[in-house]
Amino acid sequence: MKTSQIIQLEDAVQMPTYSKYPLAAVRGEGCYIWDADGNRYIDFYGGHCVTPLGHCPESVVQAVSEQVRQLIFYSNVVYSPVRARAADLMRKVSPPGVDRVFFCNSGTEANETALKLARTFTGRRGVISFQGAFHGRTLGSLATTWNPKYREPYAGVLPPTHFVPLNDIDLVRGLVERAGDIAAVIVEPIQSMAGVIEATSEFLGEVRTLCSTFGVALIFDEIQTGVGRTGTFSISEQFGVEPDLITMAKSLASGIPVGAVLASSAIADTVKPGDQGTTFGGGMIAMAALEATVGTIVREGLMGRARTVFDRIKEELSPHVRSVRGRGCLIGVELGVPASDVVRALRGSGVLVGGSGDEYTIRLMPPLNTPVDVLEEFFTIFRKVIAGIEETRQA
């Protein structure tokens, strides 16, 4: 099938829940994908921050293939060697203070679970989230997602959430001290969807102190910042802050659906059988993919490589843009022209990148192991695209 045929068929039968690029991906290898018409693209979008090793990494393909031949699935009613190994690996690579794990299927499910755990642990209901936050679209997570267009149709059934500006410690302190019902503060250390906006170390440290003082659970949503993408397995290691709960997904298994909640022993010890569950969470194929993905990242030193990729991209792009921000392979590039124009022009030139909630910021989410020659190819295309857009606007 050609791209036009695929688009026509999919649009005819699938609910219109996504704004899609006009291409049909059929194959991927490393930093590249190919569409149904044979066009090749440098993929610095990664299916939305999902491919830390690029597409179809051999270690993951082999691990998944072997697991498929042995046992595709059995639920959590039985023990599993691959699940046991994956859980132990998560414990070993995670920062101090979170040594228990719950596996699920997505980022929003991980955030739902973390919010449930926080409410059970504290006996309270209220949550503090932040303007610009994105934590998911299922009801519990949706309540903590900032964009009103997502929340307002369901306002009558959403749990109570207080939204404050990121980095405003005075408002957070006032709510924690006065509200009396705060169970959790949930924060993305870097708000990716908002345009790669970072919380300060000072702010996160003060939030940690407040939470400890008032018995509030601190949740780090690391759906996008985690799994080494920003230079350490958890970005909390860079801030020197120990959250009570960390959520991860996206990069965990190279595209096989999986989410995870890392919890302190104090919180985990309050959980009883039946408090939370998921049929497919911790499934054998997902665990094989997770073990291979995380194992490869650790074994090949790719967290450090992510920092090198960031430094190179910042050095090369800075003369042509307003700013380059972020950490590791989660990068926001603020432009002097509308981001949508650049996203479209790059796609037409064979490069996929992401937009954001900021109309002048594009996001780059390249693989942690992006080779130097692919970076150079991207730089050449980027410079030509920016020059072409600026020339057109001046004409």
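The values are calculated or read from the model by the stated rules, or taken from the named source; none is laboratory data. All values derive from a computational prediction rather than experimental measurement. Here the Cβ is made from the backbone with ideal geometry for all residues, glycine too, and neighbour counts use every protein chain on show.
The table for this structure:
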item: Test for Leu115: is it under 21 Å from the mean Cα position of the chain (by Cα) and over 29 Å from Glu237 (Cα atoms); result: no
item: Flag if Pro95 is touching a Ser or Thr at 6+ places or on another chain (Cβ under 9 Å) and modelled with pLDDT under 95; result: no
item: Among the residues listed as Ala292, Ala286, Ala266, the single one being in the same structural domain as Gly231 (by TED's automatic domain parsing), closer than 19 Å to Ala87 by Cα, surrounded by fewer than 20 Cβ atoms within 10 Å (Cβ to Cβ) and at pLDDT 95 or above; result: Ala266
item: Evaluation of Val98 against (1) surrounded by fewer than 19 Cβ atoms within 10 Å (Cβ to Cβ); (2) more than 23 Å from Pro165 (Cα to Cα) (one fails), failing number; result: (1)
item: Odd one out for Ile33, checked against (1) more than 22 Å from Arg363 (Cβ to Cβ); (2) over 20 Å from the mean Cα position of the chain (by Cα); (3) hydrophobic (A, V, I, L, M, F, W, C); result: (1)
item: Boolean, Gly274 is surrounded by 17 or more Cβ atoms within 10 Å (Cβ to Cβ), in the same structural domain as Ala183 (by TED's automatic domain parsing), in a loop (DSSP other than H, G, I, E, B) and not acidic (Asp, Glu); result: no
item: In the range 215-231, residue surrounded by the most Cβ atoms within 10 Å (Cβ to Cβ) [restricted to those that are part of a strand (DSSP E or B) and touching a Cys at 6+ places or on another chain (Cβ under 9 Å)]; result: Ala217
item: Tally, over the range 325-342, of residues that are surrounded by 21 or more Cβ atoms within 10 Å (Cβ to Cβ) and in a helix (DSSP H, G or I); result: 2
item: Elements of type strands (runs of 3 or more DSSP E) contained in the range 14-116, each with 1 or more residues being of a type in the set (D, E, K, R) and outside the structural domain of Ile256 (by TED's automatic domain parsing); result: 25-29, 32-35, 40-43
item: Residue match in the range 243-262 (condition: among the polar types (S, T, N, Q) and either free of Cβ contacts under 8 Å to residues at least 12 places away in the same chain or surrounded by fewer than 24 Cβ atoms within 10 Å (Cβ to Cβ) (or both)); result: no
item: When residues of the range 124-171 are limited to those that are free of Cβ contacts under 8 Å to residues at least 12 places away in the same chain and over 20 Å from Met193 (Cα atoms), the one surrounded by the most Cβ atoms within 10 Å (Cβ to Cβ); result: Leu171
item: Residues satisfying the stated conditions in the range 205-233, i.e. over 16 Å from Glu188 (Cβ atoms) and hydroxyl-bearing (Ser, Thr, Tyr); result: Thr209, Ser212, Thr213
item: Residue identified as in a helix (DSSP H, G or I) and not assigned by TED's automatic domain parsing to the domain that holds Lys250 among Thr380, Thr370; result: Thr380
item: Residue in the range 168-183 that is within 14 Å of Ser129 (Cβ to Cβ), modelled with pLDDT under 95 and assigned by TED's automatic domain parsing to the domain that holds Thr279 present; result: yes
item: Residue satisfying condition, being part of a strand (DSSP E or B) and in contact (Cβ under 8 Å) with a residue 40 or more places away in the chain, within set Arg347, Arg363, Arg305, Arg312; result: Arg363
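Each row is one residue, and each column tells you yes or no for (1) assigned by TED's automatic domain parsing to the domain that holds Ser254; (2) part of a loop (DSSP other than H, G, I, E, B); (3) within 28 Å of Glu334 (Cβ to Cβ).
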site: Gly136; (1), (2), (3): yes, yes, yes
site: Ser141; (1), (2), (3): yes, no, yes
site: Ile186; (1), (2), (3): yes, no, yes
site: Gly195; (1), (2), (3): yes, yes, yes
site: Thr209; (1), (2), (3): yes, no, no
site: Phe233; (1), (2), (3): yes, yes, yes
